[in-house]
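To keep things clear, I will list the structure first and then write my remarks on it.
The values are calculated or read from the model by the stated rules, or taken from the named source; none is laboratory data. Since the model is a prediction, treat every value here as computed from it, not as a measurement. Don't worry about glycine lacking a Cβ; one is built from the backbone with ideal geometry, like all the others, and counts go over all protein chains shown. Only protein heavy atoms, including side chains, enter the accessible area calculation; ligands, DNA and RNA are left aside. Shrake-Rupley method; radii C 1.70, N 1.55, O 1.52, S 1.80 Å.
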Amino acid sequence: MLRVFSPSKLNLFLKVLGKREDGYHELASLFQATTLGDFLECTLSDTDNLTCSDLSLPVNENNLILKAAQLYRKKTGIKIGLKVHLDKKIPIQAGLGGGSSNAATTLWAFNQLLGQPVTEQELQKWSAEIGSDIPFFFSQGTAYCTGRGENVNCLPPLKTQKCWIVKPHFGLSTPEIFKKLQANPYSVLENPFSFNPNGDLNKTSFYFNDLEKPAFEIQPTLLDIKNELLESGFETVMMTGSGSAFFCFGQGKIKRSDLLAFEAQFLNRPLNTWY
Ligand code: C5P
């Protein structure tokens with residue numbers, strides 16, 4: 001049995017550059033893994049089997065863990081099953097990449113249990129077939145991602161930051177948020193686009209998310225929550241991904257009792273080990 005950590009991610013900035021012919025959106029985003037995460041207990045088995053500590057989470061073939069196990073077999077031709085128990089901590093429908101991280105972690109663990117027949121680069125390339133955010137998790141935890149999100153440009157670790165991750169009781173659906181996005185005009189990147197992550201981390205203007213506007217249109221309470229968190233003293237409060245979670249930097253107070261709150265830190269991994 002292999003017990004592996006499956007971290008969440010934040011989008012420190014997320015710009016939507018346009019709509020593509022395949023229906024997806026062209027993105028430019030700085031992704032960062034965090035210490036808020038799940039654990040997966042993986043064992044080779046005759047057939048696939050998934051159980052979860054959170055009984056409300058569907059464990060059918062639509063779960064990305066089972067999709068990842070199937071993808072691994074399809075690509076390698078190896079005919080063996082994977083039994084996974086998921087200890088769920090990352091809230092779902094939060095923009096924290098929980099499902100994507102679980103899928104990446106499954107691919108890594110499956111490969112590990114079989115003696116690493118394929119490289120992490122291969123796993124990363126394959127993973128884009130089942131979700132745009134999955135390849136990021138094969139970086140070392142900090143990456144500038146473009147395309148649908150699947151083009152991963154690895155960056156050195158950022159200065160360690162502590163943050164609060166705050167989520168209202170409701171979640172948001174990624175396809176719905178992208179559907180609602182009326183980006184007119186879309187964000188533009190100056191040419192050539194460059195940023196200095198550690199230098200820019202202190203500027204509140206560095207943190208950005210084009211998906212906040214459609215999310216706030218669908219759930220106006222989100223704007224109230226953001227404003228209350230800012231008023232309580234946090235320096236930066238920004239939605240991650242397609243929401244509904246926010247990350248907060250600085251010294252503030254989380255006063256509302258209807259919010260889930262997690263203290264977390266940026267997380268990076270050494271080469272050739274998982275998080
Ligand atoms: O790739 P993934 O399955 O995570 O995407 C979920 C949905 O989010 C897509 O079906 C699409 O509606 C939307 N999406 C998008 N542009 C992206 C990523 C996701 O429009 N770059």
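Quick rundown of the values:
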item	result
Estimated vicinal HN-Hα couplings, Hz - region 240-256 in sequence order (Karplus 6.51, -1.76, 1.60; Gly, Pro = x)	9, x, 9, x, 9, 8, 10, 10, 10, 10, x, 9, x, 10, 9, 8, 5
FRET efficiency, Y24 to K255 (Cβ-Cβ, R0 45 Å, nearest 0.05)	0.75
Protection-proxy order for peptides 176-189, 115-128, 95-108, each taking the mean of Cβ atoms within 10 Å per residue, highest first	95-108, 115-128, 176-189
Listed residue pairs exceeding 32 Å between alpha carbons, taken from K213/K255; K79/K179; K19/K253; K83/K213; K15/K253	K79/K179; K19/K253; K83/K213
Square roots of 5 times each gyration tensor eigenvalue, C-alpha, the chain, largest first, Å	30, 21, 18
0 to 90° range, to nearest 10: angle between helix 221-231 axis and the chain longest Cα axis	70
Relative packing of peptides 28-39, 235-246 - highest average C-beta neighbours within 10 Å first	235-246, 28-39
Mean projected area (nm²) of the alpha-carbon convex hull when region 1-118 is viewed from all directions	8.4
Accessible area of the chain belonging to carbon and sulfur atoms, whole % at 1.4 Å probe	50
Cα lying deepest toward the dipole's positive end in the chain, options I177, G23, V84, charges on Cβ	V84
Per-pair calculated FRET efficiency, R0 = 35 Å: E263 and V188 via Cβ, rounded to 0.05	0.45
Length gained when the stretch S173-R3 is fully extended (0.36 nm per residue, less Cα-Cα span)	58.3 nm
Radius 15 Å from Cβ of S45, net charge of other residues (Lys, Arg +1; Asp, Glu -1)	0
Two-site FRET efficiency, R73 against N153, from Cβ-Cβ distance with R₀ of 30 Å, rounded to 0.05	0.50
Only Lys, Arg (+1) and Asp, Glu (-1) charged, at Cβ; region 208-254 dipole about Cα centre in debye	100
Area projected by the alpha carbon convex hull of region 62-210, averaged over all directions, nm²	11.3
Projected area, mean over directions - region 115-198, Cα convex hull, nm²	9.0
Student exercise, the chain dipole from Lys, Arg, Asp, Glu Cβ charges, in Debye to nearest 20	260
Rounded accessible area per residue of the chain, 1.4 Å, Å²	47
